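To start, the structure under review is shown below, and the notes come after it.
We did not get these values from a lab; they are worked out from the coordinates using the rules stated. Note that the structure is predicted; figures quoted are calculated from it, not measured. Please note: Cβ atoms are built from the backbone with ideal geometry, for glycine as well, and neighbour counts cover all protein chains shown.
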């Protein structure tokens, strides 16, 4: 049996539609004898501290995976088994900004130089459809990690979610983790077959992004 902690860190209240999705995921997992799912919700003001505490708890309690889900996402309950079946150390669904231009929160390049001009940071705008593909960094709105990988990154970096800073840029806690994980040799993958929506004034998803792409091409 695979034990999964579904970790939901939040600065604010959790959207009711996200709660419904979490309840369905937890309920449907009970029908699968190969899965044991526990939903953990943490609320506070410093997200990187919340992520670290939840990661440490998952390690201490010997879970097999952590599935990070942001507090404003909607998704189908089969997302978990689809992500596990991809069998990657670190895997994200393709999630999108909740405001226009609804760009995907995945990066084709995430490389820091000595100056702002030497940085190579590129969103993966023309990602492949219906594939699992490598990225250099991602947000963690819907991100699955094997506990062995998470434990090694924590052990070797101390606090991998702490925002990475140099003299010209600060990365958020999610991109900082990716940067540090890649420095240890881990590859990060995205699965564009998995449908996830980001709750804003509308649900920002791949259809929103593709519609804007078509408008730009006119």
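Quick notes on this structure:
- Put in line by how crowded their Cβ is, counting other Cβ atoms within 10 Å and starting with the fewest, 92, 18 read 18, 92.
- Between segment 163-187 and segment 6-77, the Cα center-to-center distance that results, in Å: 22 Å
- The chain: radius of gyration over Cα atoms, expressed as a fraction of 2.2 N^0.38 Å: 0.99
- q = 0.13, 0.25 Å⁻¹: log10 I(q)/I(0) that the Debye formula gives for segment 32-127, counting C-alpha atoms only: -0.66, -1.39
- The DSSP beta bridges internal to segment 63-218 are antiparallel in roughly 85% of cases.
- Fewest neighbouring Cβ atoms within 10 Å first, the residues 74, 79 line up as 74, 79.
- Dividing the convex hull volume of the alpha carbon atoms of segment 126-218 by its residue count gives 143 Å³ per residue.
- Taking the number of Cβ atoms within 10 Å of each Cβ as an exposure proxy, the fewest-first ranking of 12, 103, 173 is 12, 103, 173.
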